[in-house]
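A short write-up of the structure that comes next.
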Amino acid sequence: MIRRSILWLSEQRRIFRFLRSNTIARRFARRFVAGETVADATAAAQALAGQGIAATLDLLGESVQDAAASVGARDQVAQVIEQMAQDGLAVNVSVKPTQMGLSLDPDLCRQNFTVLLKRVQELDGFLRLDMEGSAYTQTTLDLFEQHLHPTFGDHVGVVIQSALRRSPDDIERLIKRRARVRLVKGAYLEPDDIAFPDKADVDRTFQQLMERLLSEGNDPAIATHDETLLKRAQSTVARDERSNDRFEFQMLYGVRRDLQSRLRASGYRVRVYIPFGTQWYPYLMRRLAERPANIAFILGNMIREGI
């Protein structure tokens, strides 16, 4: 019930307009969102680079309303790519397909991604297609598998959510394609016939898919803050004598910074997902909805750190 309520709140634009002008709300958001500008995002990435931690930048926003808005979003992401290169950062961005127009016209979306990926390829960078709600899972995978991956290879990757019942089949197919996959649990509220309703099932599936990716995947990204799963990943890598440079752990900006540093100090590759932009409210609410029990924990840590 709490999760459903939080997700409902994430869709209320009037609340967003109020919070965006509220100093306390903006202060809370800055813990988890780098800011509203490209400069804010690259500054956060540079700070992490100083700790040996890599970054992927995400311009927040999704489900554009018309073709012009999709082109505008594409051009903003292009600016992010250029700024990362100018600042000496490894180019790595995460982009939602509906932000590029997937819900309007798949061909328009493909064209926008192609423009971005040509530049990413020139800069020897990487672009990840973020995964959204289940209504877009198949069209996103079709775009990736039929058009983008055959053309751009290891410069493009995709995301799979362990919450979805279909994901084991998707993972096996993507492993055969030698595709680069980020594995996440999933932050969208889905029907029970599409997704596992129980967290235990989501976690169990995550572990199974994680072990397959660590064993057979191409540079997989294991995206979780769950210490039990992280320890399982470490034991799997040790058992299989897999080099630490053949995969990476990914975590969210502002979440478990102690764990990020600890993993990096232990010799693991760590990448932080840095969201930024004016559309921070829906993103933040979905993150809180993933585990509502963490709200009190997060607030407590913020108070202790004086943030």
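The values are calculated or read from the model by the stated rules, or taken from the named source; none is laboratory data. Here the structure is a predicted model, which is why all the values come from computation and not from measurement. All Cβ positions, glycine included, derive from the backbone under ideal geometry; neighbour counts span all protein chains shown.
Considering each of 127, 104 in turn, give the residue that is under 16 Å from the mean Cα position of the chain (by Cα) and aliphatic (A, V, I, L, M).
127
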First in the stretch 244-272 and over 20 Å from residue 178 (Cα atoms), second anywhere and small (Gly, Ala, Ser) and buried (at least 17 other Cβ atoms within 10 Å of the Cβ), Cβ under 6 Å, 6 or more apart: 271/54; 272/55
Scope the stretch 74-121; condition of a type in the set (D, E, K, R) and within 23 Å of residue 39 (Cβ to Cβ); matching residues: 74, 75, 82, 87, 96, 119
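Which one of these is farther than 28 Å from residue 156 by Cα and either of a type in the set (Ser, Thr, Tyr) or at pLDDT 85 or above (or both): 220, 275, 197?
Details: 220 fails: farther than 28 Å from residue 156 by Cα; 275 fails: farther than 28 Å from residue 156 by Cα.
Answer to the check: 197.
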Selection count where residues are surrounded by 18 or more Cβ atoms within 10 Å (Cβ to Cβ), of a type in the set (Asp, Glu) and farther than 17 Å from residue 271 by Cβ, scope the stretch 27-66: 2
Pick from the stretch 78-129, criterion polar (S, T, N, Q) and in contact with a strand residue (DSSP E or B) (Cβ under 8 Å, 6 or more places away or on another chain), ranking: nearest to residue 54 (Cα to Cα): 92
Sole exception among (1) in contact (Cβ under 8 Å) with a residue 40 or more places away in the chain; (2) within 26 Å of residue 52 (Cα to Cα); (3) in contact with an Asp or Glu (Cβ under 6 Å, 6 or more places away or on another chain) for residue 185, by number: (3)
Test for residue 204: is it surrounded by fewer than 18 Cβ atoms within 10 Å (Cβ to Cβ) and more than 17 Å from residue 161 (Cα to Cα): no
Qualifying residue in the stretch 132-153 (condition: aromatic (Phe, Trp, Tyr) and within 18 Å of the chain's Cα centre (by Cα)): yes
Extreme residue, nearest to residue 121 (Cα to Cα), among residues of the stretch 147-204 that are out of contact with any Leu (no Cβ under 7 Å at 6 or more places or on another chain) and polar (S, T, N, Q): 151
Count of residues meeting criterion [of a type in the set (D, E, K, R) and more than 14 Å from the chain's Cα centre (by Cα)] in the stretch 43-70: 1
So residue 249, is it under 22 Å from residue 167 (Cα atoms), in contact with a strand residue (DSSP E or B) (Cβ under 8 Å, 6 or more places away or on another chain), surrounded by 14 or more Cβ atoms within 10 Å (Cβ to Cβ) and not polar (S, T, N, Q): yes
Considering residues of the stretch 207-228 that are aliphatic (A, V, I, L, M) and touching a Lys or Arg at 6+ places or on another chain (Cβ under 9 Å) only, the residue surrounded by the fewest Cβ atoms within 10 Å (Cβ to Cβ): 223
Pair list, Cβ under 7 Å, 6 or more apart: the stretch 150-169 residue without any contact (Cβ under 8 Å) to a residue 24 or more places away in the chain and farther than 24 Å from residue 205 by Cα, other residue among the β-branched types (Val, Ile, Thr) and surrounded by fewer than 20 Cβ atoms within 10 Å (Cβ to Cβ): none
